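Have a look at the structure below before the remarks.
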């Protein structure tokens, strides 16, 4: 699933092609994604409207138009978006195409159809957008994601640190790849109790999360199977993985074998030496 860096990379790639453009037509495959696509409603609401902005929030893309109509897009497991010439051959899994006034069109492609395209009508779009993200935690780079916020929230819950930082109600956008990589870089075991971290630990972990996410964005994201950016090119942060997907390999720091366990239903990779749980409170 595309995580924060991958969605940000797509957002940055699309923005120059969309800003100021007018939507002239919308076509849909007729196939349901995670939720039904309201194609006729989108045509009525958005055709003739100018795109005024595109932004990432958590793992979502938000597209605004000049009269308030808003689209919120989630890429699901296999979704991607790109700019193509109008009239060029569409691909099998292109489900929504927004035709623009310059001979180009924005296409949403999703093989597994776990993605979603939500329409927020203009007259109530702002309030609906606020409600849509009302339970979503702060962005990792925001001032709201403070050391005190993280420590105080963790103190009220008995939960392992990996599940805690992956909870979108706590922090927005951190998925399995970057949770594993950040915890390894911070030398914290994934099942260490979040409430046991000191303020110093939180300061270091937050800095490492931000650094890891920024590095991934600069690398164009991680392409493990099918992620591509808005230009159809893969990312290369996977070349910088230190622990994710490396079960059975030697730790790059100490040489001890990387282990893999399922934590919270997700594959977790860690070094039992560098991320030792001994002497620390854990969820185990």
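Since every read-out is calculated from the coordinates, none of them should be taken as a lab result. Predicted model only: the values in this text are computed from it and were never measured. Reconstructed Cβ throughout: ideal geometry from the backbone, glycine too, with neighbour counts over all protein chains shown.
Extending 7 Å from the Cα toward the beta-carbon at both residue 236 and residue 267 defines two label points whose distance is 2.3 nm. Note the angle between two axes, namely the Cα long axis of helix 199-218 and the longest principal axis of the Cα atoms of the chain, as a number of degrees from 0 to 90, rounded to the nearest 10. Between the helix axis and the principal axis of the chain, the angle is about 40 degrees.
Note on residue 144/residue 15: beta-carbon distance plugged into 1/(1 + (r/R0)^6) with R0 of 22 Å gives a FRET efficiency of 0.40. From largest to smallest, the equivalent ellipsoid semi-axes obtained for the stretch 147-270 from the alpha-carbon gyration tensor read 24, 18, 13 Å.
Here is the P(r) of the stretch 4-132: all C-alpha pair distances, binned every 5 Å from 0, give 2, 11, 23, 26, 24, 12, 2, 0 in whole percents.
Take every Cα pair under 8 Å whose residues are at least 6 apart in sequence, average their separation, divide by the length of the stretch 134-180, and the relative contact order is 47 percent. So how far, in whole Å, is the C-alpha centre of the stretch 160-208 from the one of the stretch 42-95? Result: 32 Å between the Cα centres. When each of 39, 274, 254 is scored by the number of other beta-carbon atoms lying within 10 Å, the sequence from fewest to most is 254, 39, 274. In terms of overall dimensions, the C-alpha atoms belonging to the chain reach 63, 37, 29 Å along their principal axes, ordered largest to smallest. Across the stretch 224-282, Cα-Cα pairs farther apart than 17 Å form 53% of the total. Taking N as the residue count of the stretch 108-155, its C-alpha radius of gyration divided by 2.2 N^0.38 Å amounts to 1.66. Applying 0.36 nm per residue to the separation of residue 35 and residue 253 and subtracting their alpha-carbon distance, the gain on full extension is 74.0 nm.
A simple spin-label model places the labels of residue 156 and residue 22 4.9 nm from each other, with each point 7 Å out along Cα-to-Cβ. Just to verify a number: FRET efficiency for residue 126 and residue 260, C-beta to C-beta distance, R0 = 51 Å, to 0.05? After rounding, the FRET efficiency stands at 0.70.
In the chain, the longest principal axis of the Cα atoms and the axis of helix 176-185 are about 40 degrees apart. Between residue 102 and residue 218, the simple spin-label model (points 7 angstrom out along Cα→Cβ) gives 2.9 nm. Here the contact order of the chain, divided by its residue count and restricted to Cα pairs under 8 Å and six or more residues apart, works out to 18 percent.
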